[in-house]
Amino acid sequence: MRSSLIIPSSPLFLAIKTPFLNHRFRYNSSYPSLFTYLRPRNPNFFASSLQNLEVSWVFNDPNHKDDFNGWAVAENIPIQTKKKKGTFVLVGVGASILALLLVFWQFSLSRKGFRFRSKALHDVIVSSETDQTIDSDVTVDASSVDVAPQASSESVSDMVDEAVPSATSHDKREEEYVGRITVPVAVDSIQQEGLSMLKKLKIVEDFAKADELCTRREYARWLARANLLLERKHKHKIVPSMALSGSTILAFDDVSVEDPDFLCIQSLAEAGVVSSKLSLDDSSWHKGAKFSPERFISRQDLISWKAKLEYEVMPGLSEGISRNNLGFMDVREINSDAIVVLFKDLLAGDKSIIRTVFGQGKRFQPNKPCTTAQAAVALTSGRMEGAIHSELSRLEAECSLRQMEMAEIKSELQERGDIQKYWEIKFEEEKCRGVEVERSCVVAMQNLDQEKSVQEDILAEYMKEKAAMDCQKLLLSSLKEEIDDMYQRLETERLAYIDDHLSVQNMRGDLQAKYDEILDKKSILEAEIEAVRILRSWIEDEARKSQARAKVFEEAAKRWRWSQQP
């Protein structure tokens with residue numbers, strides 16, 4: 001989870017914004033191997049970042065998809081204010097922060113009681129490939145301080161992502177994150193011995209490291225292998241081929257048939273060791289169930305899975321009785337389906353798996369991840385311890401018997417002289433083979449000489465061809481230069497032709513305009529000629545009419561004169 005809702009009254013929260021001058025107030029983490037050390041990349045912003053840093057731990061949701069079971073370092077978002085204060089205020093704040101850091105440093109070195117508490121890993125550690133920004137809004141009550149004794153045999157290598165926010169000018173906020181810090185814890189001899197025994201029996205892979213966190217997939221695979229190889233009682237033995245015969249329902253939605261560990265996980269679900277869809281009621285079956293194989297195995301699952309295979313069901317043992325008599329301070333955080341088997345395991349006393357793996361402690365921390373070494377101790381404890389030793393004894397006996405047989409065969413062969421004869425025959429064969437190799441070498445050298453002469457002739461011909469090609473190349477280069485010159489001349493002529501063409505086009509346009517003007521004038525002239533012709537014909541008609549009238553007038557005048565004569 002990237003952010004957590006913090007209830008101030010809960011005893012599971014650790015406040016950091018408390019006075020450090022009170023030497024009676026000691027911060028002790030209930031998780032001895034999960035310590036957070038701040039190593040800021042930018043020391044200039046460490047003082048302001050330390051005041052805003054808060055860490056917390058919340059109850060983990062078992063159905064959550066994250067892989068680190070609720071551990072995280074959370075920090076409040078710093079509120080930026082405009083830089084309007086004077087130099088005196090800045091110097092005073094700086095001196096106060098420096099004094100606070102000195103007190104914090106002296107307190108942590110002298111008392112060794114200050115510890116940052118972090119969230120469960122599956123709620124905070126983000127994949128390094130994505131590098132997403134983490135903003136956690138967390139509030140912590142200073143009155144709720146949790147101090148618990150450290151367990152004697154706990155050894156966990158936890159990884160915590162720490163982020164230190166830094167403020168910049170112009171009201172801009174940037175965050176600088178401290179890199180992921182791994183705090184390795186030395187693995188004890190019991191854990192190393194258990195892991196080595198499982199590796200000898202080929203239950204655990206050879207590349208598995210003791211200080212790494214164990215995933216649910218790995219633990220389910222190792223548990224199924226150990227049960228199949230070492231279990232001698234048939235009522236406690238799980239055979240995957242028999243458990244999966246006739247099965248038609250996948251136990252988990254995120255573990256398909258193509259998964260390499262499908263047989264182991266499905267067989268554990270079929271046997272009821274792991275809660276799955278097969279163990280749910282009909283009302284909640286349709287919601288599905290997820291195994292989350294890549295998540296880290298928690299303490300609760302580590303012990304409960306092993307205990308379900310280790311012990312028989314005790315009649316009359318109820319959940320209420322088990323919860324009341326379990327004896328852990330955080331018994332309320334344990335799931336109801338695991339409480340009975342955990343109590344049954346604690347009844348075993350010194351042979352209890354919980355005591356063997358985690359030692360004596362008042363807090364069980366059911367959601368805390370486990371390492372491969374702790375998983376190995378859990379797998380080799382209980383009834384499996386005798387079976388493992390007997391299996392290792394059998395393998396050692398077989399190995400010693402095989403070595404004795406080899407020694408007897410060797411001595412017998414030496415007594416009969418077969419080894420000497422065998423090596424003499426081999427020597428003669430190798431000698432003959434050496435002669436044949438020398439002959440082959442001589443023949444190969446002759447062939448190489450012939451091939452060398454042939455290659456030299458080919459090289460001479462190649463050099464001649466290369467010289468001819470160089471001459472052709474020079475000729476082609478000269479031709480290319482001539483062609484380039486011709487291209488330049490053609491380009492110049494083309495430009496001149498374009499200019500001439502443009503001038504001709506302009507002249508043609510002018511002539512066309514003049515021609516159109518002449519045609520207009522010609523049409524006007526023809527119209528005028530036609531008008532003159534019409535006028536002429538009209539005048540001629542009028543003249544003829546005038547002549548006719550003149551003749552009439554003359555005749556009339558003649559008649560009038562004749563009539564006037566006596």
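Please give the peptides 198-209, 470-481 ranked by average Cβ packing (other Cβ atoms within 10 Å per residue), highest first, as a rough proxy for protection. Each step should come with its number before you reach the end.
Working: 198-209: 15.3, 470-481: 10.2.
Packing proxy ranking, top to bottom: 198-209, 470-481.
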- line: Assertion target for Val274, Val454, ordered by fewest C-beta neighbours within 10 angstrom first, is Val454, Val274
field: Long pairs among Lys202/Lys426; Lys200/Lys410; Lys199/Lys421; Lys522/Lys551; Lys426/Lys452; Lys199/Lys237, criterion Cα-Cα beyond 32 Å
entry: Lys202/Lys426; Lys199/Lys421; Lys522/Lys551; Lys426/Lys452
task: Note down the net charge around Leu250, summing +1 for each Lys or Arg and -1 for each Asp or Glu among other residues with Cβ under 13 Å from its Cβ.
output: -3
task: Treating only the Cβ atoms of Lys and Arg (+1) and Asp and Glu (-1) as charged, compute the dipole magnitude of the range 371-500 about its Cα centre; round to the nearest 20 debye.
output: 820 debye
query: Counting only residues 5 or more places away or on other chains, whose amide H sits under 5 Å from the amide H of Thr215 once H atoms are built in the peptide plane?
result: Ile297
statement: In the range 330-417, the trypsin sites (Lys or Arg not before Pro) that sit in a DSSP loop and have at most 12 other Cβ atoms within 10 Å of their own Cβ are Lys362
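With respect to the cross-link table entries Lys306/Lys368; Lys277/Lys351; Lys308/Lys351; Lys209/Lys290; Lys233/Lys368, which display a Cα-Cα separation exceeding 22 Å?
Table pairs above 22 Å Cα-Cα are Lys277/Lys351; Lys209/Lys290; Lys233/Lys368.
May I ask for the net charge around Glu408, where only other residues with Cβ less than 12 Å from the Cβ of Glu408 are counted and Lys, Arg are +1 while Asp, Glu are -1? Numbers along the way, then the final one.
On the way: positive: Arg402, Lys410; negative: Glu405, Glu412, Glu415.
Residues near Glu408 contribute -1 overall.
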- request: Would you work out the charge dipole size for the range 464-552 about its Cα centre, treating the Cβ of every Lys and Arg as +1 and the Cβ of every Asp and Glu as -1, and quote it to the nearest 20 debye?
  value: 760 debye
- prompt: In a shell of Cβ-Cβ distance under 14 Å around Tyr462, excluding Tyr462 itself, what net charge do Lys and Arg (+1) and Asp and Glu (-1) give?
  reply: -3
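A short reminder: the numbers here are calculations on the coordinates, not readings from a lab. In this text the structure is predicted, and so the values were computed from the model without any measurement. Cβ sites come from the backbone with ideal geometry, for glycine too, and all protein chains shown count toward neighbours.
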